[in-house]
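The values are calculated or read from the model by the stated rules, or taken from the named source; none is laboratory data. Since we're looking at a predicted model, the values are computed, not measured. FYI the Cβ positions are ideal-geometry reconstructions off the backbone, even for glycines, and counts take in every protein chain you see. Only protein heavy atoms, including side chains, enter the accessible area calculation; ligands, DNA and RNA are left aside. Shrake-Rupley method; radii C 1.70, N 1.55, O 1.52, S 1.80 Å.
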Amino acid sequence: QVQLVESGGGLVQAGGSLRLSCTASGRTLSSYAMGWFRQAPGKEREFVAAINWSGGSTKYTDSVKGRFTFSRDNAKNTVSLQMNSLKPEDTAVYYCAAATFYSATTPSSYNYWGQGTQVTVSS
């Protein structure tokens, strides 16, 4: 079992930055590919970014490319999502998740989930 806890959400003005972190306990994160998803009110949970086990490969949904950066520190059992140039449409609850296989973009492909952290971007 892997327990994931997100942190770093909050309220920020458009154009600002936030850094989300996700820390694991129970098992080492280095065994898993990791992903970030987000869910806005009334919408389905959507893929944001993924990173492979080593951190050497990442992928992003088109709407965040060039603004978000996904990284991981396996020694600290932590992954992070640096979010710059935030827009009101980035407002959502952000979830980190662990998967056996990299490149998974569908929620059903992920085995473990955190509780989420709220990100609100004001215009």
Note on the chain: contact order normalised by length, alpha-carbon pairs under 8 Å, 6 or more apart, percent, works out to 36 percent
Chain lengthening between Ser7 and Arg27 when straightened (0.36 nm per residue, less Cα-Cα): 5.3 nm
Do me a favour and compute the ellipsoid semi-axes for the range 1-60 from its Cα gyration tensor, root of five times each eigenvalue, largest one first, whole Å. 23, 14, 14
Could you tell me how many cubic angstrom of Cα convex hull volume the chain has per residue? 89 Å³
List Phe101, Phe68, ordered by accessible area with a 1.4 Å probe, largest first: Phe101, Phe68
Please find, in a Gaussian network model of the chain (springs between Cα atoms separated by less than 10 Å), the residue of Gly15, Gly42, Gly55 whose mean-square fluctuation is greatest. Gly42
Taking loop as defined by DSSP and a crowding limit of 12 other beta carbons within 10 Å, which GluC sites (Glu not before Pro) in the range 21-91 fit? Glu44
Starting from the residue with the highest accessible area, list Lys43, Lys59 in decreasing order, probe 1.4 Å. Lys43, Lys59
Determine the per residue accessible area of the range 15-123 with all protein chains present and a 1.4 angstrom probe, expressed in square angstrom. 48 Å²
With all protein chains present, how much of the accessible area of the range 29-71 (probe radius 1.4 Å) comes from carbon and sulfur, to the nearest whole percent? 44 percent
